[in-house]
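Please read the structure below before turning to the comments.
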Amino acid sequence: MGQMFSTTTDEEQQDFVSSFKCFKESNMKNRLIPEETIREIEVHLAKGNIQGANTVITTALKEINDSPLNIAVTGESGSGKSSLINALRGVDHESKDAAPTGVCETTMERNPYTHPNLPNVTVWDLPGIGTTNFQPKDYLKKVKFVEYDFFIIVSATRFRKNDIDFAKGIRIMKRNFYFVRSKVDSDIRNEKEFKPSTFEEKKVLQTIREDCLSNFRKNNMIEPQVFLISSKNLDKFDFKNLMDTLINDLPTQKRHIFMLSLPNITEAAIERKRESLKKCVWLEAFKDGLLATLSTEGMFSVQDMEKLKASLNHFQVMFGVDDLSLEHLAKDLQAPVEQLKAIIKSPKLLEAKNEETMEKLIGFVEKFFSINGGLVASGIYFQKIFYLQLHFLDTVAEDAKVILKESSSRGHSR
Ligand code: GDP
Ligand code: MG
């Protein structure tokens, strides 16, 4: 370890400090790691304790990638819990991993549904309190309330006293909960059908919201925020708003994993995912760069290629443009998968014959260095594959937007 100290020149140390300052500024906007961790890294860097900084970053990265996230969804049977759970996990209702929908609950037990791409994210299906004979306090104990990061209470009608009492209980236990009024698409459809001449979507939504809120007032509870959603159409109504609120409320360490877990329903969601992943890629490279001085020339090693392939695949899975996701989507759209692959770029990134690909990639790195030469000249020896990872990330995020546009133009909504 001492050796690391002696190989770092003052100039390099200055570069590390100033380079990290840039990260710190971008971290303020959309926090990836907590402020205390940032300060800790800065202290190490200022002292020239490169190994110390490396260790803190390694731990922080591990923490944000491995943080467990447990979401509890509760509500009466038939309220739309399972449908919301599938929506949160980005799982199609007909997929084999889907929470079964439209089935009457027979069990009083909680059911875990793991996220298909993120094993540390679990959405729990809790039996509605009204279907059990428990008092809120006992119910909370029975469903192991301490294990969840937050609760979502779902109702397809106005919230019942049970749900409201339950929320009070959660608040006493100092946990967060969110009220979701589900199936608003069918309310709108019904109103339209029965009152075609006076129908106004905005008014219908307003009435539903007011009706929910008045129920809280009647039960002597401060009005919470109520999210009106349709699990059949996530990009309409308050689903996005709910996601934004959850992201803001979650502790920093859990935010990244939650963002990754969300379906790619809007350009903004894709952008947010990209920003968060970009920070991770940067931090990873910075951490490696602290301990290694790498030449910017030469070929990629076999390990580099493996690492690049793995990153590309990871990004594709996170943005739903991996082979399997594209196949599923193609099936939904009733289009050949080749048609989807033809309009995006990432499948071609590492597809060409090996030598040709390498050349192209090296060309890209060289171009990057010639444009951003300052970084290298100033002595920050980030690994060259870092730039490629960023290039891959950008390409995949753009692909996700292209696919989103394509599927909505074909009338497919998530
Ligand atoms: P759970 O019993 O609370 O898990 O509710 P489910 O998710 O199984 O939903 C019950 C029924 O309502 C199913 O037939 C769903 O297809 C339907 N459903 C759920 N969410 C929505 C929604 O947002 N809009 C509409 N129109 N129907 C929904
Ligand atoms: Mg269910």
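Of everything in the stretch 82-125 that's in contact with a helix residue (DSSP H, G or I) (Cβ under 6 Å, 6 or more places away or on another chain) and hydrophobic (A, V, I, L, M, F, W, C), which residue is nearest to Q316 (Cα to Cα)? The selected residue is L118. Taken over the stretch 244-276, the residue count meeting the criterion of being in contact with a Pro (Cβ under 9 Å, 6 or more places away or on another chain) and either basic (K, R) or in a helix (DSSP H, G or I) (or both) is 5. For the stretch 56-173, no strands (runs of 3 or more DSSP E) sit wholly inside it while including 3 or more residues that are in contact (Cβ under 8 Å) with a residue 40 or more places away in the chain, within 22 Å of V184 (Cβ to Cβ) and more than 16 Å from ligand 1 (Cβ to nearest atom). Candidates are the residues of the stretch 88-125 that are open to solvent by less than 50 Å² (accessible area, probe 1.4 Å) and within 13 Å of ligand 2 (Cβ to nearest atom); the one that is farthest from F151 (Cα to Cα) is A98.
Within the stretch 198-252, the residues that satisfy the criterion of being over 30 Å from the mean Cα position of the chain (by Cα) and open to solvent by less than 40 Å² (accessible area, probe 1.4 Å) are V204, S214, N215, F216, N219, M221.
Sort through G52, G48 and tell me the only one that's open to solvent by less than 50 Å² (accessible area, probe 1.4 Å), more than 21 Å from D244 (Cβ to Cβ) and either within 16 Å of ligand 2 (Cβ to nearest atom) or not in a helix (DSSP H, G or I) (or both).
Numbers: G52 fails: either within 16 Å of ligand 2 (Cβ to nearest atom) or not in a helix (DSSP H, G or I) (or both).
So the residue among G52, G48 that is open to solvent by less than 50 Å² (accessible area, probe 1.4 Å), more than 21 Å from D244 (Cβ to Cβ) and either within 16 Å of ligand 2 (Cβ to nearest atom) or not in a helix (DSSP H, G or I) (or both) is G48.
Step by step: first the residues of the stretch 184-194, then only those that are open to solvent by 100 Å² or more (accessible area, probe 1.4 Å) and either within 16 Å of ligand 2 (Cβ to nearest atom) or of a type in the set (D, E, K, R) (or both), then the one that is nearest to I152 (Cα to Cα). Which residue is that? Outline the logic, then answer.
Start the filter on the stretch 184-194 by keeping residues that are open to solvent by 100 Å² or more (accessible area, probe 1.4 Å), which leaves 189, 192-194.
From what's left, either within 16 Å of ligand 2 (Cβ to nearest atom) or of a type in the set (D, E, K, R) (or both): 189, 192-193.
Numbers: R189: 25, K192: 29, E193: 30 Å.
That would be R189.
Inclusion of F199 among residues that are in contact with a helix residue (DSSP H, G or I) (Cβ under 7 Å, 6 or more places away or on another chain), closer than 14 Å to G75 by Cα, more than 16 Å from ligand 2 (Cβ to nearest atom) and not in a strand (DSSP E or B) is not warranted.
The values are calculated or read from the model by the stated rules, or taken from the named source; none is laboratory data. Small disclaimer: the values here were computed from a predicted structure and weren't measured. Cβ sites come from the backbone with ideal geometry, for glycine too, and all protein chains shown count toward neighbours. Heavy atoms of the whole protein, side chains included, go into the accessibility calculation; ligands, DNA and RNA do not. Shrake-Rupley method; radii C 1.70, N 1.55, O 1.52, S 1.80 Å.
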